[in-house]
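These notes are about the structure you will find just below.
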Amino acid sequence: MATLLHIDSSVLPGEASSSRSVADAFRKAWEEQHPQGTVIYRDLAADPVPHITAVAWSAGFAAPSERTPEQSAAFAARVQLIEELEQADAVLIGAPMHNYSIPSTLKAWLDNVLLLGRTAGETPSAQGTPVVVVASRGGSYAPGTPREGYEFVQNYLEAVLKGTLGLDLDFIVPELTMAPRNPAMSELIPLYEASRERAFADAATKAKELAERVAA
Ligand SMILES: Cc1cc2nc3c(=O)[nH]c(=O)nc-3n(C[C@H](O)[C@H](O)[C@H](O)COP(=O)(O)O)c2cc1C
């Protein structure tokens, strides 16, 4: 049975959020292919994971027998998140842009999950697992736009998810989501609408492709 790890990190609820809506469409298309499958869901905005601490971090370098009770407890919480990733046949992450980067809640999840010698290092434990990131943003940072150099979501996640965790990374990018709300962006509404339509179409296509690949 296929397992999908689905992570949301938008602070906006339901349909008000592009990443939640597009990820939801992806998940529904995936579930159609895998009606008996499992979806592990984490809403990092509603239920943030703890920031990494010295205790939790150092526990990753200590032998189990040498860990203090505090280190063992903190490490167990990290291992739960790590196992969710390792169990997944595919991963879906909603990652809206916050001040040019990812939400701090998603960063906290990554800080817990990246563990040298297990998920990271020479043979990352989740190597090759496909991950689709819905990288929503209020503006546009596409090549050729004035703010191209301010894009630290895709660049960063490429380094971490692909370069470090070894995941097979793909993006869906609903952009210009602030256009309907910001009068200064009203001319961009048609581009926003086109991007949104494309994102939903991509979600359906990619979910189906991936679900078939995982089943094979
Ligand atoms: C704290 C915060 C910071 C933001 N910073 C940026 C930014 O730097 N660039 C941008 O294009 N949009 C920015 N936005 C707008 C969001 O990226 C945009 O509204 C996005 O659609 C939110 O994600 P969601 O629709 O998936 O919920 C920011 C939003 C919030 C809440």
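In whole percent, what relative contact order does segment 82-216 give with Cα contacts below 8 Å and a gap of six or more residues? Mind showing how you got there, number by number?
Working: 184 pairs, mean separation 33.0, N = 135.
The value is 24 percent.
Give the angle, between 0 and 90 degrees and rounded to the nearest 10, that separates the Cα long axis of helix 18-33 from the longest principal axis of the Cα atoms of the chain.
The angle comes out at about 70 degrees.
Just to check I understand the Karplus step: with θ = phi - 60° and J = 6.51 cos²θ - 1.76 cosθ + 1.60, what whole-Hz values come out for segment 41-47, glycine and proline as x?
With coefficients 6.51, -1.76 and 1.60, one gets 10, 10, 9, 6, 6, 6, 10 Hz.
Working from the pairwise distances between different alpha carbons, so that the mean of 1/r is found and then inverted, what is segment 87-142's Kirkwood radius in Å?
Numbers: mean 1/r = 0.0775 Å⁻¹.
The Cα-based Kirkwood calculation yields 12.9 Å.
Considering the Cα trace of segment 163-216, what is its radius of gyration and what is Dmax, both in angstroms?
Both quantities, over Cα of segment 163-216: 15.4, 48 Å.
Can you list residues from other chains, or at least 5 along the same chain, whose modelled amide H is less than 5 Å from the amide H of Met97?
For Met97, whose amide H was placed from the backbone, the distant partners under 5 Å are Ser136, Arg137, Gly138.
Which whole-angstrom value gives the distance between the alpha carbon centres of segment 149-216 and segment 36-108?
23 Å
Sorted by packing (mean other beta-carbon atoms within 10 Å per residue), highest first, where do 5-13, 177-185 land? If you can, show how the numbers build up before the last one.
Numbers: 5-13: 20.3, 177-185: 14.6.
Ranking, from highest mean packing down: 5-13, 177-185.
Suppose we keep just the DSSP beta bridges with both residues in the chain; what percent of those would be antiparallel, to 5?
5 percent
Tilt of helix 189-215 relative to the longest C-alpha principal axis of the chain, in degrees (0 to 90, nearest 10)?
Around 40 degrees separate the two axes.
Eigenvalues of the Cα gyration tensor times 5, then square-rooted: what semi-axes does that give for the chain, in whole angstrom, largest first? Each step should come with its number before you reach the end.
Numbers: eigenvalues 194, 86, 44 Å².
Equivalent ellipsoid semi-axes, largest first: 31, 21, 15 Å.
May I ask for the percentage of alpha-carbon pairs in segment 1-129 that lie more than 21 Å from each other?
On the way: 3830 of 8256 pairs.
Of all Cα-Cα distances in segment 1-129, 46 percent exceed 21 Å.
In cubic angstrom, how much convex hull volume per residue do the alpha carbon atoms of segment 14-60 span? Write out the running numbers ahead of the final one.
Details: hull volume 5.5 nm³, N = 47.
That works out to 117 Å³ per residue.
Read the figures in this text as sums done on the coordinates, not as results from a lab. Since we're looking at a predicted model, the values are computed, not measured. All Cβ positions, glycine included, derive from the backbone under ideal geometry; neighbour counts span all protein chains shown.
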